[in-house]
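The values are calculated or read from the model by the stated rules, or taken from the named source; none is laboratory data. Predicted, not measured: the structure shown is a model, and the values here were computed from it. Note that each Cβ is placed from the backbone with ideal geometry, even for glycine, and that neighbours are counted across all protein chains shown. Calculation scope for accessible area: heavy atoms of the full protein, side chains included, ligands and nucleic acids excluded. Shrake-Rupley method; radii C 1.70, N 1.55, O 1.52, S 1.80 Å.
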Amino acid sequence: MRSLAALSGALLLSAVPALSQGMIAATPPMGWNSWNHFAGRVTDADVRSAADTLVLTGMRDAGYTYVNVDDTWEGKRDAQGVLHTNERFPDMKALGDYIHSKGLKFGIYSSPGAKTCGGFEGSLGHEEQDAKMYAGWGVDYLKYDLCSFQDEMRKVKAEHPDEPDAANNLMIAAYRKMGDALKATGRPILYSLCQYGVDQPWKWGPGVGAQMWRTTDDIDDSYGRMIAIGFSQAGLSKYAGPGHWNDPDMLEIGNGKMTEEEYRTHMSLWVLLAAPLIAGNDLSKMTEADKNLLMNKEAIAIDQDVLGKQGDRLYQSGDFDVWTKPLSDGRIAVGLFNRSWDNRDVSVDLSEIGFRDGGRVRDVWRQKDLGRRTGVFTDTIPRHGVTLLIVSK
Ligand code: GLA
């Protein structure tokens with residue numbers, strides 16, 4: 001295990017193309033966000049404690065470096081238009097300094113609309129002012145959530161019923177405005193679009209300065225919602241790559257409403273999708289199983305592979321789904337998924353994925369080499385479970 005991890009670390013460094021050095025999000029961003037667990041109750045203390053725990057558990061060293069405050073930190077704007085925080089966040093600059101002192105990065109949240117989804121102050125009309133303020137606080141990541149900007153879009157639609165693109169164009173312009181404002185600060189700030197996939201952001205996201213964009217509506221802590229989002233990503237792989245990622249939303253692992261096998265499916269699907277890995281649980285209450293899922297080095301290495309290719313569906317039949325992701329050095333990651341309520345056999349024909357003469361098969365979750373295999377590889381997969389493989393020559 002150790003030598004393999006060290007080897008993949010060394011490969012990672014030596015294989016990074018010169019061009020992607022210094023690029024924001026050369027590999028999918030990883031970190032933690034307050035929303036999925038704390039939602040509107042989050043406090044400065046919760047965020048500091050999340051930063052501490054990322055370090056203590058080893059999650060930071062496994063790659064989870066962004067600490068993102070989601071909605072509900074905002075207070076009111078003053079007469080000069082300066083947005084203040086509310087009483088749960090007494091000092092954002094100090095919070096940013098604390099996060100940075102732990103070797104982590106600081107993320108924040110706003111909306112192009114007048115109000116955020118939680119009904120707090122958004123950035124409409126204050127984009128440059130807000131961007132400068134974030135840069136002053138040492139912010140490294142902005143999640144920009146459509147929310148009440150949909151009211152502006154509805155207005156334009158009603159005013160220009162003969163212009164079908166007017167509303168979407170207005171939205172894209174609003175996202176560009178903040179993208180430009182972030183760039184103008186001179187601070188490298190990762191720009192994460194959250195607009196639920198409206199008007200195919202994978203086609204215009206890079207053009208407004210974004211490094212990632214949500215592709216769907218919100219996830220929740222249920223197997224049904226998680227797989228509906230995960231498996232709906234089929235066909236999007238060509239839009240992802242170093243510096244620009246599809247985002248099927250944050251992780252629910254550790255929030256308690258899925259079984260261990262279901263969370264294993266969640267992590268496996270997200271790493272095959274080269275998805276941003278933003279944990280959304282209470283880090284102070286992780287079970288050993290949660291830690292093993294979130295910190296399996298080989299699973300993370302699939303997500304973070306330097307080729308930067310998103311995986312895609314190889315085939316689907318009934319409750320079986322097989323997904324593959326090309327990795328560096330000619331390796332292929334394969335996920336065999338069983339969506340049924342019973343344990344079932346799921347197979348992949350190795351010759352169909354480029355291993356006509358067979359390949360060496362590694363089982364990622366069992367952390368076991370399965371030796372050289374040729375032809376059809378079959379495994380018995382528990383209900384709602386997965387087998388995650390890496391096949392190499
Ligand atoms: C939207 C987003 C969520 C979260 C909430 C906050 O629903 O999609 O991820 O940021 O708003 O209000």
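General observations
- With the highest mean first, a sort of the peptides 82-88, 195-201 on other beta-carbon atoms found within 10 angstrom per residue produces 195-201, 82-88.
- Summed over the residues of the chain and divided among them, the accessible surface reaches 41 Å² per residue at a probe radius of 1.4 Å.
- Extent of segment 22-303 along its three principal axes (Cα atoms, max minus min coordinate, largest first): 54, 43, 36 Å.
- Segment 244-305 and segment 307-363: distance between their alpha carbon centers, rounded to Å: 19 Å
- Helix 2-15 axis, angle to the chain major axis (alpha carbon atoms, nearest 10°): 60 degrees
- Placing a label point 7 Å from the Cα of SER49 along the Cα-to-Cβ direction, the residues of segment 92-130 with a backbone N closer than 17 Å are 99.
- Taking max minus min of the alpha-carbon positions on each principal axis, segment 312-392 gives extents of 35, 24, 21 Å, largest first.
- On the basis of the beta-carbon distance and an R0 of 22 Å, TYR196 and HIS160 show a calculated FRET efficiency of 0.45.
- Cysteines, the chain, no other Cys beta-carbon under 4.7 Å: CYS194
- The lysines within cross-link reach of LYS177, meaning a Cα-to-Cα straight distance under 18 Å and a gap of 8 or more places when in the same chain, are LYS115, LYS132, LYS143, LYS203.
- Charge dipole (segment 284-393, unit charges on Cβ, about Cα centre) - positive-most of GLY358, VAL376, VAL322: GLY358
- Across segment 348-365, coupling constants 3J(HN,Hα) worked out from phi with the 6.51/-1.76/1.60 Karplus curve, θ = phi - 60°, read 9, 8, 4, 5, 6, 10, x, 10, 4, 9, x, x, 7, 10, 10, 8, 5, 6 Hz, and Gly and Pro carry x.
- Under the convention that each Lys and Arg Cβ holds +1 and each Asp and Glu Cβ holds -1, the size of the dipole of segment 22-303 around its Cα centre is about 540 debye.
- Electrostatic tally near LEU314: other residues with Cβ closer than 11 Å to its Cβ, Lys and Arg +1, Asp and Glu -1, net -2.
- Across LYS325/LYS368; LYS257/LYS309; LYS183/LYS291; LYS238/LYS291; LYS76/LYS257; LYS102/LYS238, pairs whose alpha-carbon gap is larger than 24 Å: LYS257/LYS309; LYS183/LYS291; LYS238/LYS291; LYS76/LYS257; LYS102/LYS238
- Computed over the alpha-carbon pairs of segment 215-319, the distance histogram in 10 Å steps reads 15, 49, 31, 5 percent, short to long.
- The heavy atoms of LYS309 offer some 100 square angstrom of accessible surface to a 1.4 angstrom probe.
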